[in-house]
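Q: Handing you this structure, nothing more for now.
The values are calculated or read from the model by the stated rules, or taken from the named source; none is laboratory data. Note that the coordinates shown come from a computational prediction; the quantities given were computed from them, not determined experimentally. Reconstructed Cβ throughout: ideal geometry from the backbone, glycine too, with neighbour counts over all protein chains shown. Surface areas here come from the heavy atoms of the whole protein model, side chains and all, with no ligands, DNA or RNA. Shrake-Rupley method; radii C 1.70, N 1.55, O 1.52, S 1.80 Å.
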Amino acid sequence: MKKKAIFAVIGAVLCLTLCLALVGCNKQYKQDAVELDRAGIENVVSNGGLAVKAGKYLYFINGYAGQDGANEFGKAVKGAIMRVELDEAGAPKTDTLVTVVPKNVYNTNADIGIVIVGDYIYYTTPSTDKDGSGNAKTSEMVLMRTTLDGAASEVIAEFDDYTPVYRVNPGYIVYVNSASELHVIDLNDKKFKDSVVDEELVAYTFADYADNASAMQDTVFYTKAAENSYATNNTVWAYRAGGAPVKVIDGLASYDAAKLAHPGGYSITLLDSYFVGGDGIRLVYTKTDSGSNTKSKGVYAYDFGTDLKFSESGEVRYTTGVTYTSVKYIDANNILAVDSDSVDYLRKDASGVWVTDVVIEGSSASILDVKVNNGIVTVYYTVSNALYKIDVLESDGNGGYNVKINSAVSLYGTTYNTTWQKLDKVLDCVYFFNSDVKDNTYYLDLSKVEPHNSNSQIAKQLGKFSNADNIGMLETVDEEA
């Protein structure tokens, strides 16, 4: 009888240990919910960056804590996801601050921030698992999601490093890893089933998150080398989550052989993709051939429908012999394009030929936003981390624009941390990690910036300082004194 009792106790202990282990493997975290007004919450603006608007709220990353920042759930402050309400003008009401995700949100890719889809916030965080020496494996990445009210958080996937680049879509996450594999995670599966979709990708492009839902928001384009290793053409593929990969452009077979610039076909390089209306997606790419004159070299675009069918007759050629690093659409017929030393205005002339004018001169300019107001096109752009705006075009009243360039206006010139996240613009405010204040999150209301008034360019604290930062700043003041 005593032996049976001992075995029963051992069995109970083993059962308890197993249950605890299973709970640990599930890695679900719960806390008290914050109050949530769901009115308009499905209206998401500026998704995927440092700050995201959802309904009347702004969700944001509370500073840059780095890979090794404090990351215990419930105690993390710096790097946590916090939330404020926005006033009618779209500016933060800082007295409404609450913490939604008390984890250190971190990545190394500037295109990966926080994403709101449906009832969840998606984000990445360093692993808190321990190695053999008891140190956290912070070089490993964990992909998680948390409900908008912060009540429940769960792990979706874990990775060995921060190289996977992903997009969240309703029901799925699509990602590409360092092994050049395309994967899909089924969010409707309780175990978040991860499947390999395709391999040997050469390059890929995801469209930016749409402020309004698009039927094509689950689409990724990617290129693959031709099967013949001696070929000078390549192929473009598309994948829609839940379906199968489709070869959409073959650099040789998709074109009329009699019209090829060179018998070897075309080599295509992806630039970007953009949602067009509610059920289309525009792929922008450069194309060239292996001929001595590379007659086909230039920037092209094609609008795909939900059937992902390509026809050579629908391909639009923007430039001849000139390529760009990125484009920004004012509308389908008016484009701002960026190269290494300028921003150019591309549009059709009276004969239907695309022509170009330089509207911003300067190396390494990056367009942050483009606004059209009362027929005036204003470009917000950065050069060497300084933020400017400039009026460059004026409506001609016939659907086009005339070049009319005013002097650039400086909006913000103080440095900010771009180790991970870049400057993020949501409505009329910009958000950033302030490198002058220990990389905490600050914001500047651009609607209140006055030309040549440096006092109007002083940014304001948005989130909450950690105790470590408060102590560090006090120590700095003592040293200066």
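Q: For the stretch 241-281, what are the residues that are of a type in the set (Lys, Arg) and either farther than 17 Å from Lys297 by Cβ or touching a strand residue (DSSP E or B) at 6+ places or on another chain (Cβ under 6 Å) (or both)?
A: Of everything in the stretch 241-281, just one residue is of a type in the set (Lys, Arg) and either farther than 17 Å from Lys297 by Cβ or touching a strand residue (DSSP E or B) at 6+ places or on another chain (Cβ under 6 Å) (or both), namely Lys247.
Q: State all residues of the stretch 409-422 that are hydrophobic (A, V, I, L, M, F, W, C) and either part of a strand (DSSP E or B) or at pLDDT below 95 (or both); if no residue qualifies, say none.
A: First pass over the stretch 409-422, keeping only residues hydrophobic (A, V, I, L, M, F, W, C): 409, 411, 420.
Listed by number, the residues that qualify are Val409, Leu411.
Q: Same structure, new question: How many residues does the stretch 423-451 hold that are of a type in the set (Lys, Arg) and either in a helix (DSSP H, G or I) or over 20 Å from Ser366 (Cα atoms) (or both)?
A: Our first condition is that a residue be of a type in the set (Lys, Arg); within the stretch 423-451, this holds for 425, 438, 448.
Cutting the leftovers down to either in a helix (DSSP H, G or I) or over 20 Å from Ser366 (Cα atoms) (or both) gives us 438, 448.
Total satisfying the criteria: 2.
Q: Counting only residues that are touching a residue at least 12 places away in the same chain (Cβ under 8 Å), out of contact with any helix residue (DSSP H, G or I) (no Cβ under 9 Å at 6 or more places or on another chain) and open to solvent by 20 Å² or more (accessible area, probe 1.4 Å), how many does the stretch 398-412 have?
A: 9
Q: How many of the residues making up the stretch 273-314 are open to solvent by 40 Å² or more (accessible area, probe 1.4 Å) and aliphatic (A, V, I, L, M)?
A: 1
Q: Tally time: how many residues in the stretch 56-80 are within 23 Å of Leu444 (Cβ to Cβ) and either aromatic (Phe, Trp, Tyr) or surrounded by fewer than 24 Cβ atoms within 10 Å (Cβ to Cβ) (or both)?
A: Result for the stretch 56-80: 6.
Q: Yes or no: Ala51 surrounded by 15 or more Cβ atoms within 10 Å (Cβ to Cβ), modelled with pLDDT of 95 or more and not polar (S, T, N, Q)?
A: yes
Q: Let me ask something else. Exactly one of these conditions fails for Leu393: (1) out of contact with any strand residue (DSSP E or B) (no Cβ under 6 Å at 6 or more places or on another chain); (2) in contact (Cβ under 8 Å) with a residue 12 or more places away in the chain. Give me its number.
A: (1)
Q: Can I ask one more? Collect the residues in the stretch 365-397 that are open to solvent by less than 50 Å² (accessible area, probe 1.4 Å) and outside any strand (DSSP E or B), keeping them in residue-number order.
A: Once the filter is applied, which keeps residues that are open to solvent by less than 50 Å² (accessible area, probe 1.4 Å) and outside any strand (DSSP E or B), the stretch 365-397 yields Ala365, Gly375.
Q: All but one of (1) under 26 Å from Tyr442 (Cβ atoms); (2) modelled with pLDDT of 95 or more hold for Ala39; which doesn't?
A: (1)
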